[in-house]
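Single-structure report; data block below.
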Amino acid sequence: MKIPNDFVMGVATAAYQIEGTSFGKCGPSHWDSFAAKGGTFQGQNGDIACAHYEHWQSDLDLIQQGGFDAYRFSVAWPRILADGTGQVTPEGLDFYDRLVDGLLARGIAPHATLYHWDLPQALADHGGWENPDIAKWFTEYALTVTDRLGDRLESIATINEPWCVTWLSHFLGHHAPGKTDLPAASKTMHNVLYAHGLATQAMRDAGHKNLGIVLNMEYAQPASDKPADVKAAQLYDGIYNRWFIEAITKGRYPSDVLPYLEPHFPTSWQDQMPLIQTPIDWLGLNYYTRSIHADDGTGQFPFGKSVAGPLNKTSMGWEIYPDGLEYFLNRLHKDYTGDLPLFVTENGMALHDQISANGVDDTTRATYIQNHIQATLNARKNGVPVNGYFAWSVMDNFEWAFGYEERFGIVHVDFETQIRTPKSSHKMLQEINKNR
Ligand code: IFM
């Protein structure tokens, strides 16, 4: 596989999944409470995770040894502002300052995401993403971080995967705060975008460059041609794939989904749409899988349920479908983003890897990654301005509700000893990166 010279090859992680919140002076987040309430596998949490807060230098060495151009990491809001607003924790900013300088010293471009799900518990206690004040709180935090790091960041993303922040966490209940409540979910579906718009504008006014957001998309297909199945898949696509991008690029919400959510919106929501449409400089796409949808027979929104599909699956049961990535890159370019630069900001697969004296043979993951890089390059060949690919993830880590059971890393982590072992997928990427 030949990667164009100007195509960015990167790897990604997120703060709560790797750093270890017991190190440094990190405040509590709603993931700590969600785990304590049994929301995660065996109640596991991010207290220690990969102890990256202590091992960050050797972790950056592993990225450098892989020959990557770029590293996408996230900043932990509770490390910067333990209560979410007000008093800044200098140790938190110092940590990311060292990290960014460490990346630059190794010739790796730092791409920061401001919010990758670790909401300070103090803000969760005030309604979290349901409270319209979240936009103001998030903007204060965004400016605090970028004021310190912005001069050295290659790109800044406001929020990772708004669908997970909102629908997955407040309607499906799978992520913190674990709600299953349509009014709550509806509020968050608007507030998250308003927070993104307000913070983007404030950062741009402060002179920061290369501002974007990271959306996840899932290829949604109906289980059959029956109108009810087709409607279930279409609404899933509307909530998951169209809601956020349509608001950001066109300043409106999809007309098939809006009537179900609008009754629960803040009254002034329409006045906030222009700010939500604040221009961005790039868009990140996280892509993993496709899903199949059937009528759930309840006669109630959102009318559908996911059913198992026939394709090969990851250890999390996610169908492997690289064509979906090419499809979304083409669809984004054609229907929404035009000439806006796109990046695949996450892609990877969960496997129950076995470590032996010979290391970790994860050929299945290596093939998954290669096929998705190829899908990305196909879209680029078709004229889509997709400028990079970031593999998820640098190392095995805390996979949210699945705890440490599911491994996505290209580097194996022994969570007892914190020993890192590069897997064969790391070697494969190293070769690809070397042969450019
Ligand atoms: O681990 C997550 C990441 O935090 C966000 N995107 C999907 C990954 C795999 O589930």
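Since every read-out is calculated from the coordinates, none of them should be taken as a lab result. Owing to the predicted nature of the structure, the values given are computational and were not obtained by experimental measurement. Here the Cβ is made from the backbone with ideal geometry for all residues, glycine too, and neighbour counts use every protein chain on show.
Quick notes on this one:
- Pair S255, I419: separation of 7 Å Cα→Cβ label points (nm): 6.2 nm
- Two-decimal ratio, the stretch 149-238, of alpha-carbon radius of gyration to 2.2 N^0.38 Å: 1.38
- 3J(HN,Hα) along the stretch 86-99, derived from phi through the Karplus expression 6.51 cos²θ - 1.76 cosθ + 1.60 where θ = phi - 60°, amounts to x, 5, 7, 9, x, 4, x, 4, 4, 4, 6, 4, 5, 4 Hz, with x in place of Gly and Pro.
- Cα centroid of the stretch 62-104 to Cα centroid of the stretch 400-436, whole Å: 20 Å
- J(HN,Hα) series, the stretch 30-44, from Karplus relation 6.51 cos²θ - 1.76 cosθ + 1.60, nearest Hz, glycine and proline x: 5, 6, 4, 6, 4, 5, 5, 8, x, x, 10, 3, 6, x, 5
- DSSP bridge pairs, the stretch 278-436: antiparallel proportion in percent, nearest 5: 65 percent
- Sorted by Cβ neighbour density within 10 Å, fewest at the top, the residues W77, W400: W400, W77
- Subtracting the Cα-Cα distance of D281 and V230 from their residue separation scaled by 0.36 nm leaves 14.9 nm.
- Pairwise label distance in nanometres, H352 with M316, each label 7 Å out on the Cα-Cβ vector: 1.7 nm
- Lysines with Cα under 21 Å of K434, excluding same-chain neighbours fewer than 8 positions away: K2, K423
- Dividing the mean sequence gap of close Cα pairs (under 8 Å, 6+ apart) by how many residues the stretch 111-164 holds gives a relative contact order of 74 percent.
- Cut-off under 5 Å, modelled amide H: who pairs with H293 long-range: Q221, A223, V307
- Set K226/K305; K209/K381; K25/K209; K187/K305; K334/K381 screened for pairs whose C-alpha atoms are more than 18 Å apart: K209/K381; K25/K209; K187/K305
- Estimated dipole of the stretch 140-207 in Debye, rounded to 20 [Cβ of Lys and Arg +1, of Asp and Glu -1, Cα centre]: 160 debye
- Neighbour cut-off at most 14 other Cβ (10 Å), DSSP loop, GluC sites (Glu not before Pro), the stretch 286-380: none
- Expressed in Å, the radius of gyration and Dmax of the Cα atoms of the stretch 221-371 are 18.6, 62.
- 3J(HN,Hα) along the stretch 301-313, derived from phi through the Karplus expression 6.51 cos²θ - 1.76 cosθ + 1.60 where θ = phi - 60°, amounts to 3, x, 6, x, 9, 7, 10, 5, x, x, 6, 4, 10 Hz, with x in place of Gly and Pro.
- Percent RCO, i.e. relative contact order, over the chain, from Cα pairs under 8 Å lying at least 6 residues apart: 18 percent
- Spin-label pair S268/D133, simplified geometry with 7 Å Cα→Cβ offset, distance in nm: 1.5 nm
- Long-range HN-HN contacts of E218 with modeled amide H, under 5 Å: none
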